[in-house]
Amino acid sequence: MKINNWSGLMAKDLDSRVNDFNSSIAFDKRLFRQDIAGSAAHAAMLGARGIIAPEEADAILRGLEAISHDFSAGLLVFPPDAEDVHMFVEAELTARIGDAGKRLHTARSRNDQVALDFRLYVLTALGEVSDATLELMDVLLSLCERHLNTVMPGYTHLQRAQPITLAHHLAAWAEMLRRDVTRLEDARARADECPLGSGALAGTTYPIDRDSVKAALGFARLSPNSLDGVADRDFALEALSCLSIVMVHLSRMAEEVVLWCSHEFGFCSLDDAYSTGSSIMPQKKNPDVAELVRGKSGRVFGSLMALLTVMKGLPLAYNKDMQEDKEAVFDAFDTVLLCLRTFAPMVETLSFHPEVMRASASLGYLNATDCADYLVKKGLPFREAYGVTGRLVRHCLTGGCALEALSLETLRQLSPLFEADVYDALSLDACVRGRAVSGGPAPEAVSAHLTALRGFMEERRR
Ligand code: ARG
């Protein structure tokens, strides 16, 4: 039975089932470091302001330091029946230093305390995800630099459409990730507000110095409204939205890895260290890493939905429902970091098969648009050129041959505009080289994109 020591109000001890139900220590112990940092900044400010005696503030700081030290040494035991990490740290402090510990919670509530701790956690974790995303971008850019001339089919509707290069395709992945990094940074900048001083909901009557606490903890701004300071979980929702979009991207990349590693595509093979076998079929090499990345997107989207649902009906300010924010956010960050850190080396160690990609790009009339464009350059309106080429493709389909396999005579039966230079225009390399428009697959266009992406990453290394 847990002693119910809430201010002497309750006449009975807390039912142990309620204690278990209510307790969050099992998961919010992950906020231990943030809780210590927040409490230290708060105590130092209370001492500097003379709200508590400077000696008491010093005793608190030394006590927090000692608890932190024991934590690092693995000596701190979190009692499973403690209500949460905040109550535990305060109780532990008081047990160690005596009465001074009882002064720590002056001018503070667990409502602004948890808002602070959780924000600090989210700010750090957003930075970690940005870094891991940049690592994956780095892997992709190195591959791009090696495959500027590796021709492969580009798809729409998963039907072979127009020739591109592997560099162009992987740079598209990198561009998705570049947006993710900027989104994570934007979310981080918006979350960068110190809520401490909001109290339970209505601030405090003590002459606290919110600015010094903000500066000590490295925040950019103060939260401007005490009610919002404790009621807001937008920073967590935004983080989960950003993480969900990262997972959409990883999942789409993973899906392509699965396809490309299939016998049907054969564009690449997984390194043995990143492939798994079958318990029955000795020949199998399975892309489990890519599949799990694709699959784990579900739990991250689930966390976003869970927290949106928790928050949507809550009256201001704090409600206990909000304790449900943590597991969703912790799990989402853990999952995304795990996925990024496994997916990157898996992609890095893929062996690509340029000859298979090129062969695949040369079947399926991927140069049909270029054939129409050839006629347009000779003066035919595009819609007519499109019709001529369509008829040519139909003709080829009956004979099972490629456009460039038709004789000039046959071509000229459909349009007298065809001349001997058509064969150059229809070659895969010409089709790729010709698309030198900014953002296109031509090697110089992709190179320019890669330079921009490298610049983006360079700015973040500084
Ligand atoms: N464990 C609580 C949470 O995670 C801390 C805040 C409790 N505040 C309160 N008024 N009961 O939300």
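At a glance:
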read-out	value
The one condition in (1) within 30 Å of Leu350 (Cα to Cα); (2) of a type outside the set (Gly, Ala, Ser); (3) within 16 Å of the ligand (Cβ to nearest atom) that Asp117 fails to fulfil	(1)
Identity of the residue in region 280-321, closer than 30 Å to Met346 by Cβ and not in a helix (DSSP H, G or I), that ends up nearest to the ligand (Cβ to nearest atom)	Pro287
Answer from Asp131, Asp112, Asp138 - the residue that is within 16 Å of the ligand (Cβ to nearest atom) and in a helix (DSSP H, G or I)	Asp112
Some residue of region 231-250 being without any contact (Cβ under 8 Å) to a residue 60 or more places away in the chain and of a type in the set (Val, Ile, Thr)	yes
Single residue of region 303-319 satisfying the filter (in contact (Cβ under 8 Å) with a residue 24 or more places away in the chain and surrounded by fewer than 17 Cβ atoms within 10 Å (Cβ to Cβ)) that is farthest from Ser109 (Cα to Cα)	Leu308
Residues (aromatic (Phe, Trp, Tyr) and within 17 Å of Gln159 (Cβ to Cβ)) located in region 363-385	Tyr365
Pairs, first within 15 Å of Val446 (Cα to Cα) in region 151-164, second hydroxyl-bearing (Ser, Thr, Tyr) and assigned to a strand (DSSP E or B), C-beta under 6 Å, six or more apart	Val151/Thr165
Members of region 40-89 found to be in a helix (DSSP H, G or I), among the aliphatic types (A, V, I, L, M), under 21 Å from Arg30 (Cβ atoms) and away from the ligand (no atom under 16 Å from the Cβ), listed by number	Ala40, Ala41, Leu64, Ala66, Ile67
Qualifying position, being modelled with pLDDT of 95 or more and either basic (Lys, Arg) or crowded, with 21+ Cβ neighbours inside 10 Å (or both), among Ala359, Ala332	Ala332
Selection from region 179-196 of residues that are surrounded by 18 or more Cβ atoms within 10 Å (Cβ to Cβ) and more than 16 Å from the ligand (Cβ to nearest atom)	Asp180, Val181, Arg183, Leu184, Ala187, Arg188, Ala191, Glu193, Cys194
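Residue by residue, here is whether (1) part of a helix (DSSP H, G or I); (2) more than 13 Å from the chain's Cα centre (by Cα); (3) not basic (Lys, Arg) holds:
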| residue | (1), (2), (3) |
| --- | --- |
| Ile164 | no, yes, yes |
| Ala167 | yes, yes, yes |
| Leu170 | yes, yes, yes |
| Val181 | yes, no, yes |
| Leu184 | yes, no, yes |
| Arg188 | yes, no, no |
| Gly197 | no, yes, yes |
| Leu201 | no, yes, yes |
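The values are calculated or read from the model by the stated rules, or taken from the named source; none is laboratory data. All values reported here derive from a predicted model rather than from experimental measurement. Glycine also receives a Cβ, built like all others from the backbone with ideal geometry; neighbour counts cover every protein chain displayed.
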